[in-house]
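The values are calculated or read from the model by the stated rules, or taken from the named source; none is laboratory data. Fair warning: this is a prediction, and the values are worked out from it, not measured in the lab. All Cβ positions, glycine included, derive from the backbone under ideal geometry; neighbour counts span all protein chains shown.
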Amino acid sequence: MLGAGSVLADNGVTENRILLGQSAALSGPASALGTAMRDGALAYFDAINAAGGVGGRQIVLTTLDDGYDPARAGPNTASLVDKERVFALFGYVGTPTSNAAQAWVEKSGVPFFAPMTGAESFRTPSNKNVFNIRNGYMEETEKIVEHLEAMGVKKVAVLYQNDAYGKSGLDGVTQALKKRNLEVLATAAVERNSVDVAAAVAKLKAAQPRAVVMISAYKSSAAFIRAMRKNNDHVPFFWNVSFVGSRALADELGPEASGVMISQVMPSPLDETLSIVKEYRKLYLNKPGREADYASLEGFIAAKVFVEGLRHVKGEPTRKNFIHALETMGTYNLGGYTVKFAPGNHNGSNYVDLSIITRSGRIQY
């Protein structure tokens, strides 16, 4: 357990607080994801702080806006690590922005906890400072292709964001199809933070796929789906991986979201039969204007696992002791979602499932 201690135990730790740093999109086309991830985490941290914190220390989360732009995420990380001197980096949102933090993680040894990315670069090989609480894009795309195979769908195209995120998902689809002696029918790219999908629509319409797997953000995915469906008798099945932001995509598309399918790496934020979801809804929805969604649930779960790691620290809460605590605390069942780390394996979850957006806009398993 943590001792209150009067000695500065590590960067970001004082007698009465532990400082965490986050760079996430609070503005721009991916802002719904960044805001939800932050607010979900704060819902749990605030409850812990109201109850006295962890070992008498308050958990303080400092979030800087990067607009889902790695050119801003890098300087944000430098400020958090070198100027703010945070104990850990927490809940980064996106592959390219998380990649931008890698140099500071390697240089400083700061823990990089629960990034919202399924990219293999944060999983293989295992990095002693990186801890994932979500499954990877390889597992998500495998699940999607497995389902398409069961449906008899073989003509599969990919719309991918032209960056590390999109290419990671494209690799996943390519490998999953290759296992089944199939190839990607056609590919098209869209630039990050852009909704200019005209060329991609023209290319993939001409290919006439029976399914399109989209590895992109919610605004570009929505623009693509809307254009593909317009004046088109040949409408394929549309799939996204979890990072798209299910609620944001459904809201962006409105009635046109019906039938869009999404792989998920978190349980349904509507399923109150799960104690973790019940706890999340009680704490997260106690502020007006909020709606339960996967991104804020992910932030909530990330915060809860982080606190559990702190509670398992023996001695002072140094970074080294925290990493050791995570690796040795065993299986942690949050109540419907399980996380387990080990030395050499910091991929905490193998959860993946499939969902569909209904006519009413509900996301249903």
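Computed quantities for the displayed model
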{"read-out": "From the options 177, 204, 148, 185, residue that is buried (at least 17 other Cβ atoms within 10 Å of the Cβ) and under 20 Å from residue 355 (Cα atoms)", "value": "148"}
{"read-out": "Selection count where residues are closer than 24 Å to residue 20 by Cβ, small (Gly, Ala, Ser) and buried (at least 17 other Cβ atoms within 10 Å of the Cβ), scope the stretch 312-365", "value": "3"}
{"read-out": "Subset of the stretch 307-335 [modelled with pLDDT of 95 or more and on the phi > 0 side of the Ramachandran plot]", "value": "330, 335"}
{"read-out": "Total residues in the stretch 128-160, condition closer than 18 Å to residue 348 by Cα, assigned to a loop (DSSP other than H, G, I, E, B) and not polar (S, T, N, Q)", "value": "4"}
{"read-out": "Qualifying residue in the stretch 240-257 (condition: buried (at least 23 other Cβ atoms within 10 Å of the Cβ), farther than 30 Å from residue 203 by Cβ and at pLDDT 95 or above)", "value": "no"}
{"read-out": "Top-ranked residue in the stretch 268-289 [being touching a residue at least 12 places away in the same chain (Cβ under 8 Å) and touching a helix residue (DSSP H, G or I) at 6+ places or on another chain (Cβ under 6 Å); ranked as nearest to residue 230 (Cα to Cα)]", "value": "269"}
{"read-out": "Scan of the stretch 83-98 for residues that are over 11 Å from the mean Cα position of the chain (by Cα) and buried (at least 24 other Cβ atoms within 10 Å of the Cβ), ordered by number", "value": "86, 87, 88, 89, 90, 97"}
{"read-out": "Total residues in the stretch 286-324, condition of a type in the set (D, E, K, R) and either touching a Pro at 6+ places or on another chain (Cβ under 9 Å) or outside any helix (DSSP H, G or I) (or both)", "value": "7"}
